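Okay, structure first, notes after.
The values are calculated or read from the model by the stated rules, or taken from the named source; none is laboratory data. Fair warning: this is a prediction, and the values are worked out from it, not measured in the lab. Glycine gets a Cβ as well: all are built from the backbone with ideal geometry, and neighbour counts include every protein chain shown. Just so you know, the surface numbers come from the protein's heavy atoms only, side chains and all, with ligands and any DNA or RNA stripped out. Shrake-Rupley method; radii C 1.70, N 1.55, O 1.52, S 1.80 Å.
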Amino acid sequence: MRIDRAKPIPLEALLVGDLTAIDERGTQSGIDKRPVTGPLNLSATGLIGDHQGDLKRHGGVEKAVHHYPGDHYRLWQSEIGPISVLDHPGAFGENLSTSGLTEDDVAVGDRFRLGSALLEVSQGRQPCWKLNKRFGLNDMARRVQQSGRTGWYYRVIEEGRVCPDDALIMVERLYPAWTIRRLWHYLYVDTMNRDALREIANLAILPANWRDYASKRLATRTVEDWTRRLEGQQEG
């Protein structure tokens, strides 16, 4: 889908989360995001007031802001039933919620103005086991991965101030062919497409770990094991 640059995408919610225990072991997570009503400063590592429990795998400059389409909520409700976390934005730990913008529309390298900040799409989300705890379903992370309804992350090109009533305005497309959906397809569906893997390995806009996946698959002719990320508590 072609994004109309002249048509802003209004925020439906701007969200941050405090650290809370997500399991019986007391593992801390910031996945429980709640809407804010006032402006927030956005730094290179995320919204001021937002928290992540595992800074090795969440947050940081390549995952500064998480965007999850509100468009997907109705689909999830039809598939898994009326789970309470789906009653409002924030179910997936997102910082931005909108309608009218999905993984089919957005490509890595897309730049959006939000308030006075400038964001750049960096990668899709790789769901982890914390979604299982969040939804009370042992296979929720795997469902998200298989569906392609993963959402995506931004890096912050220009820090600034954002408000709940701001809108995303596209200002530049760097790699329009590489949508989040297309990346997902070659990461999780057509996993050994060597032509696509070569392109991904050389796609400089992607974080190094995504390019490494492609390079390692090309070298080993095998796909990495996702079990610990999706089901275990060692990765997330």
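Looking at T37, is it among the hydroxyl-bearing types (S, T, Y), open to solvent by 30 Å² or more (accessible area, probe 1.4 Å) and at pLDDT 95 or above? Yes; evaluated as a whole, the condition is true for this residue.
Condition check ((1) closer than 23 Å to V156 by Cβ; (2) more than 13 Å from the chain's Cα centre (by Cα); (3) buried (at least 16 other Cβ atoms within 10 Å of the Cβ)) across all residues:
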site: S78; (1), (2), (3): no, yes, no
site: I83; (1), (2), (3): no, yes, no
site: D87; (1), (2), (3): no, yes, no
site: G93; (1), (2), (3): yes, no, yes
site: S97; (1), (2), (3): yes, no, yes
site: E103; (1), (2), (3): yes, no, yes
site: V106; (1), (2), (3): yes, no, yes
site: G109; (1), (2), (3): yes, yes, yes
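Inspection of region 125-139 identifies no residue that is open to solvent by 10 Å² or more (accessible area, probe 1.4 Å) and assigned to a strand (DSSP E or B).
Would it be correct to say that G26 is farther than 26 Å from W226 by Cβ, in a loop (DSSP other than H, G, I, E, B) and open to solvent by 20 Å² or more (accessible area, probe 1.4 Å)? Considered against the rule, which asks whether it is farther than 26 Å from W226 by Cβ, in a loop (DSSP other than H, G, I, E, B) and open to solvent by 20 Å² or more (accessible area, probe 1.4 Å), G26 comes out as no.
Which residue, of V144, V121, is outside any helix (DSSP H, G or I), open to solvent by less than 10 Å² (accessible area, probe 1.4 Å) and among the β-branched types (V, I, T)? Only one candidate passes the filter, namely V121. Is it the case that some residue within region 108-121 is touching a helix residue (DSSP H, G or I) at 6+ places or on another chain (Cβ under 8 Å) and not β-branched (V, I, T)? No, there is no match, as no residue in region 108-121 is touching a helix residue (DSSP H, G or I) at 6+ places or on another chain (Cβ under 8 Å) and not β-branched (V, I, T). Residues in region 165-181 that are over 19 Å from the mean Cα position of the chain (by Cα) and buried (at least 16 other Cβ atoms within 10 Å of the Cβ): 1 in all.
Give me a count of the residues in region 200-229 that are part of a helix (DSSP H, G or I), surrounded by 15 or more Cβ atoms within 10 Å (Cβ to Cβ) and out of contact with any helix residue (DSSP H, G or I) (no Cβ under 8 Å at 6 or more places or on another chain). Residues in region 200-229 being part of a helix (DSSP H, G or I), surrounded by 15 or more Cβ atoms within 10 Å (Cβ to Cβ) and out of contact with any helix residue (DSSP H, G or I) (no Cβ under 8 Å at 6 or more places or on another chain): 1 in total. What residue, of A44, A64, is crowded, with 19+ Cβ neighbours inside 10 Å and either in contact with an Asp or Glu (Cβ under 9 Å, 6 or more places away or on another chain) or among the aliphatic types (A, V, I, L, M) (or both)? Sole residue among the options that is crowded, with 19+ Cβ neighbours inside 10 Å and either in contact with an Asp or Glu (Cβ under 9 Å, 6 or more places away or on another chain) or among the aliphatic types (A, V, I, L, M) (or both): A64.
Scanning region 62-99 for residues that are within 20 Å of R113 (Cβ to Cβ) and either at pLDDT below 95 or of a type in the set (A, V, I, L, M) (or both) yields A64, V65, L96. Selection over region 7-44 of residues that are under 18 Å from R125 (Cα atoms) and of a type in the set (V, I, T) gives a count of 2. Which of the residues spanning region 2-16 are modelled with pLDDT of 95 or more and open to solvent by less than 40 Å² (accessible area, probe 1.4 Å)? Residues satisfying the conditions are I9, L11, A13, L14, L15, V16.
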